[in-house]
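What follows draws every value from the coordinates through simple rules; no lab data is involved. Bear in mind the structure is a predicted one, so any value in this text is a computation, not a measurement. FYI the Cβ positions are ideal-geometry reconstructions off the backbone, even for glycines, and counts take in every protein chain you see.
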Amino acid sequence: MRKEPVAVVGVGQTKHVAARHDVSIAGLVREAAVRALEDAGLAWSDIDAVVIGKAPDFFEGVMMPELYLADALGAVGKPMLRVHTAGSVGGSTALVAANLVAARVHRTVLTLAFEKQSESNAMWGLSLPVPFQQPLLAGAGGFFAPHVRAYMRRSGAPDTVGSLVAYKDRRNALKNPYAHLHDHGITLEQVQSSPMLWDPVRYSETCPSSDGACAMVLTDRDGATRSPHPPAWVHGGAMRSEPTLFAGKDFVSPRAGRDCAADVYRQAGITDPRREIDAVEMYVPFSWYEPMWLENLGFADEGEGWKLTEAGVTELDGDLPVNPSGGVLSTNPIGASGMIRFAEAALQVRGRAGEHQVDGTARALGHAYGGGAQFFAMWLVGSQPPPG
Amino acid sequence: MSDVLSAPLVVEFPFTRSLGPVQSAFLTGLRERTVLGVRTDDGTVLVPPVEYDPVTANELRDLVEVAPTGTVTTWAWNPSPRRDQPLDTPFAWVLVRLDGASTALLHALDAPGPESVRTGMRVRVRWAAARTGAITDIACFEPYEGAAAGGEPAPHTGEFADPVTGIVAPARLDYTHTPGRAQSAYLAALEGRRTVGERCPACRKVYVPPRGACPTCGVATAEQVEVGPRGTVTTFCIVNIKAKNLDIEVPYVYAHIALDGADLALHGRIAGIPYDQVRMGLRVEPVWVDGVRHPDHYRPTGEPDADYDTYKELV
């Protein structure tokens, strides 16, 4: 029996900001969920199950917050489950929800992800003082910066490429009312002269810390016919994982990422992602990860990703726009960041991305990763239903 | 396994919580000796109140004031109170349905012994002397002889002067951490300033520090292999911001170092060379200081740099 086609008929986000002191966690997730239901033209009673994700419990110090959120998300009397895959969780949460529809377990599923970073301590949560271990000698950026240097060495990329990504994403964010950072006067010179935190990573090339939530309503073919707005159709979705550290791990282009992308393209019938995909929302927490992921995801040959960035191909008006929403570099409620990528890809193929819409997007890729390049989750969505 | 190490690991942090409108009113009310509940769509009065209706999922904002007296609906005796519990003498955990409420609130009942507690007994709030807007503003409940207050609970705006909008929720977890056989052996070797990894019997890769198993092949490792002491900087970054808990002057170099014979880089600080002269391929050796288990840092050996091709698989 074939899988049930899965449609995204509702997308909702909060306005992402540094701190939402005015709402509880329940109030925060509720806002995104209500907006997704409104977009889908549905009520709480139309939802059959709820699938939620957030970063590890340590971040906010509440064990299993999903239990307390059941009332806010209309989940009482329905199945509710939580997905845990570190920074990629927003993506894998959406995929678990999509699989429930594809497998005809449920017809209409609400999926959402959140983080209230202002009330958490991610740095602390990630660096517990484990006895006998040598303490980590650098912050979060210090974990990633050596891999960026390795990429620069391997590819021969000029050291300005990272600043081009940050400048692009921050300008794209100005067109996205939900983005956290809205730096209206930003210039390339400002990015390039911002403090070097973890050389080669500058301050302006790092992601912010945000409070926010993102929600989607996924439904089957019948549900899609009742959608008041065009749906996005899931053409392929996959997850892959690998250990954080192992002998032979390629930190610059992890195999789990390559394999995950290949699986998604195979499902979607994509043979030339560079030509056949119109827009990409990828998880870029530090600017240099754009060229790195362009290679890992098959949009460029090894060592060539930076040339696409440098040539302007990934700009909003380029022929492969990357992160038209402004990306993680402009908005980072950690647990939600992956789902925002998936949701923004859906908005693009639905033609509902507003000012940051890439005209004529028929196929878009949403990408998430996390846990020290350990977990990968991706989906490819299209404006037309999958064939068959 | 007496050579396996073990030590306490305490995970502790004071988290903050924004309350939102309903919990803000509830906790501020306690500060003012007022217990608030919320009326749901079907007329049920929930105490403590919640923001969203458990049945209809609608937003709830219809606050009411209930009495500080109520009835025990069930209980459990706590003979030996632990740190941070409401009372430091034996007490009963009770569910109390306050007069006017439809649901029960969990709290402590101050009673001389379990024989003096029963379901259906009447109790009242004992207010804390100093109240801040927290559930602990109810110090506990105490026995009370009065009859149930009658009538419907009165509507309440939930508005108070100087409302509490957030709380601090200290969290603490106490673990006993043991690094296990393989890492204990690694740590023991470090005492002698030797670095000993383990080789996978299948792929022959040498893991430093060893984990006792190969993450790629999924088989146990046992063959010990001494590596280093010299190694090659495979990649690095220059840290320009001072980390809170580290007493290291910035800028400094944080590097991935592949010790000779190891198939995985470990992490360390590079010193003994100006930070801006560190490069990929730099040959380094550990510098030990007395009383510290791990190398303090690594310094250049003076050898020629390693050729990129010799370590590129380790980057």
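Using Cβ point charges alone (K and R +1, D and E -1), the dipole size of segment B:13-171 about the Cα centre works out to roughly 460 debye.
Each residue of segment B:261-277 was assigned a 3J(HN,Hα) from its phi angle through the Karplus curve 6.51 cos²θ - 1.76 cosθ + 1.60 (θ = phi - 60°); the sequence is x, 9, 9, 8, 6, 10, 10, x, 9, 9, 9, x, 7, x, 4, 7, 10 Hz, with glycine and proline shown as x. Couplings for segment A:261-275, taken from phi via the Karplus curve 6.51 cos²θ - 1.76 cosθ + 1.60 with θ = phi - 60°, read 4, 4, 5, 4, 5, 4, 4, 8, x, 8, 10, 9, x, 4, 8 Hz in order; Gly and Pro are left as x. For the options B:G302, B:G70, B:G281, a Gaussian network treatment of chain B with springs between C-alpha atoms closer than 10 Å singles out B:G302 as fluctuating the most.
Each part gets one Cα centre, and for segment B:1-69 versus segment A:184-246 those centres are 32 Å apart. In this label model, B:I273 and A:T244 are separated by 2.8 nm, measuring between points 7 Å along each Cα→Cβ vector.
So what does the Cα-only Debye profile of segment A:217-295 read at q = 0.20 Å⁻¹, as log10 I(q)/I(0), no solvent term? With one equal scatterer per Cα and no solvent, log10 I(q)/I(0) is -1.05. Kindly provide the trypsin sites (Lys or Arg not before Pro) of segment A:279-383 that DSSP labels as loop, not H, G, I, E or B, and whose Cβ sees at most 14 other Cβ atoms within 10 Å. Here the sparse-neighbourhood loop sites are A:R352.
Per residue, the convex hull spanned by the Cα atoms of segment A:286-348 measures out at 88 cubic angstrom. Debye calculation, C-alpha points only, no solvent: report log10 I(q)/I(0) for chain A at q = 0.08, 0.09, 0.14 Å⁻¹, in the same order as the q values. For chain A at q = 0.08, 0.09, 0.14 Å⁻¹, log10 I(q)/I(0) is -0.36, -0.46, -1.17.
Each residue, B:T132 and B:V11, gets one label point 7 Å from its Cα in the Cβ direction; the gap between the two is 2.5 nm.
Among DSSP bridges having both ends in chain B, what percentage is antiparallel? Round to the nearest 5. It would help to have the intermediate numbers written out before the result.
Values: 69 of 71 bridges.
Approximately 95 percent, going by the DSSP bridge assignments.
Working from Cα pairs under 8 Å separated by at least six residues, relative contact order for chain B is 15 percent. In this structure, B:R172 and A:Y203 have a Cβ-Cβ separation that, at R0 = 25 Å, corresponds to a calculated FRET efficiency of about 0.15. Semi-axis lengths, largest first, of the ellipsoid equivalent to segment B:180-227 are 19, 10, 6 Å, with √(5λ) applied to each eigenvalue of the Cα gyration tensor. Spin-label model, B:E223 to B:D162: label points 7 Å out along the Cα-to-beta-carbon direction sit 7.2 nm apart.
Please give the charge dipole size of the protein assembly as shown, origin at the Cα centre, charges +1 on K and R Cβ atoms and -1 on D and E Cβ atoms. Round to the nearest 20 debye.
The calculated dipole for the protein assembly as shown is roughly 880 debye.
Convex hull volume per residue, computed on the Cα atoms of chain B, equals 245 Å³.
Projected onto planes of every orientation and averaged, the convex hull of the alpha-carbon atoms in the protein assembly as shown covers 35.2 nm². DSSP finds beta bridges in chain A, and of those with both partners inside it, around 75 percent are antiparallel.
If a/c stays under 1.5 just call it rounded; otherwise compare a/b with b/c (prolate if a/b is bigger, oblate if not). Do that for segment A:237-342, with a ≥ b ≥ c from the square roots of the Cα gyration tensor eigenvalues. Intermediate results must be reported in sequence, preceding the final value.
Details: a/c = 1.33, a/b = 1.16, b/c = 1.15.
It is rounded, given that a/c, with a ≥ b ≥ c, falls under 1.5.
Between the Cα long axis of helix B:20-31 and the first principal axis of chain B there is an angle of about 60°, rounded to the nearest 10. Size descriptors for segment A:133-246, from the alpha-carbon set: Rg then Dmax equal 19.6, 57 Å. For chain A, modelled as a GNM whose springs connect Cα atoms under 10 angstrom apart, the maximal fluctuation among A:P65, A:P129, A:P285 occurs at A:P129. Measuring spread by the Cα atoms of segment B:32-104 yields a radius of gyration and Dmax of 14.8, 42 Å.
Considering only DSSP beta bridges with both partners in the protein assembly as shown, what is the antiparallel share in %, to the nearest 5? Write down the numbers at each step before the final one.
Details: 108 of 124 bridges.
Counting DSSP beta bridges with both partners in the protein assembly as shown, the antiparallel share is about 85 percent.
Which stretch or stretches of segment A:13-52 have amide N atoms under 14 Å from the point lying 7 Å from B:N58's Cα along the Cα→Cβ direction? The answer is A:44-45, whose backbone nitrogens lie closer than 14 Å to the label point. Rounded to the nearest 20 debye, the dipole magnitude of segment B:237-315 is 360 debye, with +1 charges on Lys and Arg beta carbons, -1 on Asp and Glu beta carbons, and the Cα centre as origin.
If a/c stays under 1.5 just call it rounded; otherwise compare a/b with b/c (prolate if a/b is bigger, oblate if not). Do that for segment A:25-167, with a ≥ b ≥ c from the square roots of the Cα gyration tensor eigenvalues.
Details: a/c = 2.49, a/b = 1.72, b/c = 1.45.
Since a/c reaches 1.5 and a/b is larger than b/c, the shape of segment A:25-167 is classed as prolate.
Across A:V148, A:V29, A:V165, mean-square fluctuation computed from a Gaussian network of chain A (C-alpha pairs under 10 Å connected) peaks at A:V148. Enclosing the Cα atoms of segment A:278-388 in their convex hull gives a volume equal to 111 cubic angstrom per residue.
Amide H contacts under 5 Å for B:L9: B:Y175, B:T176, B:H177, restricted to partners 5 or more places along the chain or on a different chain, H placed in the peptide plane at 1.01 Å from N. Any idea what log10 I(q)/I(0) is at q = 0.10, 0.14, 0.21 Å⁻¹ for segment B:40-183, Debye with uniform C-alpha scatterers and no solvent? Here log10 of I(q) over I(0) equals -0.45, -0.80, -1.39. Converting phi to 3J(HN,Hα) with the Karplus coefficients 6.51, -1.76 and 1.60 and the offset θ = phi - 60°, segment B:185-200 yields 5, 4, 5, 5, 5, 4, 4, x, 6, 10, 10, 10, x, 10, 9, 6 Hz in sequence order, with x at every glycine or proline.
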